[in-house]
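Here's the structure, in structure tokens; my notes come after.
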Amino acid sequence: MTIPYPEHVVVVITTSVAVVLAVLLHYEALWIISRQIERSHRPHRQRILGMAFGVLMTHIAEIWLFGLTGWWLVELQGIGALNGYSAFNLLDHIFFAAVTYTTVGYGDVYATGPIRFLYGTLALTGFVLITWSASFTFVEMQKHWRVRK
């Protein structure tokens, strides 16, 4: 058995922290959205739209969390690299996080080196959180959807 390189340990720990923060953010956001729907006296349309925008904003925050994590590891710590363009800026890291989180995977940008662990884990995390949001939305719609007459 080989001892992992220090940068591998940094990537694994940083990825683990990002995943924990994303899951906790997701849980808290869905809990708040659910409570607001229950307690709101706003018209039905506004409650459902508020739920949809709240879920979308939560996913955007999580994408930014992972994009910033990838940017920090690559650009500030020099661990791994993104390839596919001649130069990368912060928004390129956010874009790659979004493409990976949603499992779209255009293929124009790809990770090399230890940073691949972050993005592989991000794909699984994004898939789970998107599925969780879909289940949450379905349940909330079942509870609160009213047929208009």
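The values are calculated or read from the model by the stated rules, or taken from the named source; none is laboratory data. All values reported here derive from a predicted model rather than from experimental measurement. Methodologically, a virtual Cβ is constructed for each residue, glycine included, from the backbone with ideal geometry; neighbour enumeration extends over all protein chains shown. The area values use the complete protein model at the heavy-atom level, side chains included, leaving out ligands, DNA and RNA. Shrake-Rupley method; radii C 1.70, N 1.55, O 1.52, S 1.80 Å.
When restricted to residues that are closer than 16 Å to Thr15 by Cβ and part of a loop (DSSP other than H, G, I, E, B), region 71-91 contains 3.
Hey, can you tell me all the residues within region 63-77 that are of a type in the set (A, V, I, L, M) and either in contact with a helix residue (DSSP H, G or I) (Cβ under 6 Å, 6 or more places away or on another chain) or open to solvent by less than 80 Å² (accessible area, probe 1.4 Å) (or both)? Answer for region 63-77, where residues must be of a type in the set (A, V, I, L, M) and either in contact with a helix residue (DSSP H, G or I) (Cβ under 6 Å, 6 or more places away or on another chain) or open to solvent by less than 80 Å² (accessible area, probe 1.4 Å) (or both): Ile63, Leu65, Leu68, Leu73, Val74. Taken together, Ile60, Ile94, Ile13 contain a single residue that is without any contact (Cβ under 8 Å) to a residue 60 or more places away in the chain, of a type outside the set (Asp, Glu), assigned to a helix (DSSP H, G or I) and open to solvent by less than 60 Å² (accessible area, probe 1.4 Å), which is Ile94.
Residue-wise test of (1) open to solvent by less than 30 Å² (accessible area, probe 1.4 Å); (2) part of a helix (DSSP H, G or I).
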residue	(1), (2)
Gln46	no, yes
Val99	yes, yes
Thr103	no, no
Gly126	yes, yes
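Of the residues His41, His26, the single one that is touching a Leu at 6+ places or on another chain (Cβ under 6 Å), farther than 25 Å from Pro114 by Cα and not hydrophobic (A, V, I, L, M, F, W, C) is His26.
Only residues in region 27-41 that are closer than 20 Å to Ala134 by Cβ and exposed (fewer than 13 other Cβ atoms within 10 Å of the Cβ) count as the first member; pair them with residues that are of a type in the set (A, V, I, L, M) and modelled with pLDDT of 90 or more, Cβ under 8 angstrom, at least 6 apart or cross-chain, and list the lot. Taking only residues 6 or more apart or on different chains, not a single pair turns up. No other residue among Gly54, Gly80 is open to solvent by less than 80 Å² (accessible area, probe 1.4 Å) and over 20 Å from Ile130 (Cβ atoms) apart from Gly80.
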